[in-house]
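Derivation of every value follows stated rules applied to the coordinates shown; laboratory data play no part. Values in this document were obtained by computation on a predicted structure and should not be read as measured data. Backbone-built Cβ (ideal geometry, glycine too); neighbour counts: all protein chains shown.
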Amino acid sequence: MNSSKKVKIGVIGAGYWGKNHIRVLKELDLQEKCEFIGISDLDITKKQLAESLGIKYYQDYKSLIRNVDAIIIAAPAGQLFRISKYALKHSKHVLVEKPFSLNYKNGVELVELAEKNHLTIMVGHIFLYTPQINKIKQLVQDNKLGNVFYGYSQRLNLGIIRDDVNALWNFGPHDISIFLDLFNCLPSEVNATGLTYLQNRVEDVVFLNMRFPSGVFVSSHLSWIEPVKTRKVTLVGDKGMLVWDDASQDATIQIFDKGVVLPENWQELKSSNSFGEFKMKVRFGDQLIPYVASEEPLKNEILHFLECIKTGQNPRTGGEHALNVLKVLLAAQKSLEKNGQPQKIK
Ligand SMILES: NC(=O)c1ccc[n+]([C@@H]2O[C@H](COP(=O)([O-])OP(=O)(O)OC[C@H]3O[C@@H](n4cnc5c(N)ncnc54)[C@H](O)[C@@H]3O)[C@@H](O)[C@H]2O)c1
């Protein structure tokens, strides 16, 4: 697309999450970073929101799509594929909310449609647009934690209770996208256990485990029936440990210079009979809170989308990434249905 032209953009779905996209787009429009055309929502009361912002309202999403170059789709999970496909078929760039698609065939169809028509397709895995993830990635790459033994994440809250997707499909895309990006590969095996309390066959709580080819083990606890809002990622390495508390006031990362003192011949000792004679010592060092700039992830995400449309570059959460996350979700869902049986990922 001509890089001097402002991208005409709109939002489909002006509900809980779509309203955030709308707020950010209005701000970007005022900064002349795009041309915010309007919104579409089946609920006609959303017309007032459009009027208050001086943008157009369309009840039918197809009418909005006709009037834009690019569209952000924040409709319920079950509708994302149909609307994305329509937009791509009509040569529009698409930023679609998670979960990208509910089956692999549909996901591939979207990616292929975008490729064929030279369009940008991107999924709203928002945590990859936080400055924190870049910091953590850098720390891992710089070996600040040493060899990562394992990690875990907790994405817990009371509500929003969904009836169209379970806790795996609702929260899991975030955690999976974080760990895939951090370790730069797919897990080789996953398993998941789910618990249903409130509704039939919709898991309110999911424990998802992922084993990466490097041997790193990662576990995610996902639930919408928890007393305390928690969004944490913890990594435990042989040189250091790290906690990213995204629900804290500054979404801080804490690095702990703590660990177990391992002798040089540790691997040898570990497999020998003399291991029992060896006393492990723990090490306590400083605790560091690195500076991380305060940025709005959703603004970063949308700016990245606009940039990719202009330059034709592949988004960080583009088609390949979206399909990889989908592979993990589908394998985890299969495991859920088989009482936690491990599933290999190819
Ligand atoms: N990235 C994130 O962190 C994040 C957070 C929350 C939700 N989401 C995603 O955003 C999407 C929306 O979630 P939500 O919590 O805002 O749901 P919501 O139910 O609050 O909002 C959905 C809106 O879409 C409208 N809608 C439904 N079908 C439509 C159609 N065919 N055309 C136009 N409008 C239509 C509804 O009227 C409603 O206003 C979901 O896919 C969800 O997974 C992402």
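How would D238, D245 line up from fewest to most surrounding beta-carbon atoms within 10 angstrom?
Details: D238 15, D245 18.
Ascending number of Cβ neighbours within 10 Å: D238, D245.
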Using a Förster distance of 22 Å, how high is the FRET efficiency between D142 and S248, based on the Cβ-Cβ distance and rounded to 0.05?
0.40
Residue-ordered couplings for the range 60-65, obtained by feeding phi - 60° into the Karplus form 6.51 cos²θ - 1.76 cosθ + 1.60 and rounding to whole Hz (Gly and Pro as x), are 8, 4, 5, 5, 5, 4
Round to the nearest 10 and give me the degree value, 0 to 90, for the angle of helix 104-116's Cα axis relative to the longest principal axis of the chain.
60
May I ask what percent, to the nearest 5, of DSSP beta bridges between residues of the range 10-144 are antiparallel?
0
Using a basic spin-label model with each label point 7 Å from the Cα along Cα→Cβ, how many nm lie between K344 and V261?
4.4
Per-residue ³J(HN,Hα) for the range 246-252, Karplus 6.51 cos²θ - 1.76 cosθ + 1.60, θ = phi - 60°, Hz, x for Gly and Pro:
6, 8, 6, 4, 9, 6, 6
Please order I121, I55 by the number of other Cβ within 10 Å, starting at the fewest.
I55, I121
Using alpha-carbon coordinates, inclination of helix 18-30 to the longest axis of the chain, degrees:
70
With a cut-off of 8 Å between alpha carbons and a minimum separation of six or more residues, what is the relative contact order of the range 38-78 in percent?
39
For the chain, take the longest principal axis of its alpha carbons; what is the angle in degrees between that and the long axis of helix 80-89, to the nearest 10 within 0 to 90?
60
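Restricting the count to DSSP beta bridges whose residues both fall in the chain, what percent are antiparallel, rounded to a multiple of 5? The partial results should precede the final answer.
Details: 40 of 66 bridges.
Within the chain, antiparallel bridges account for around 60 percent of the total.
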Number of Lys pairs in the range 78-194 with C-alpha atoms less than 28 angstrom apart, excluding same-chain neighbours closer than eight positions?
13
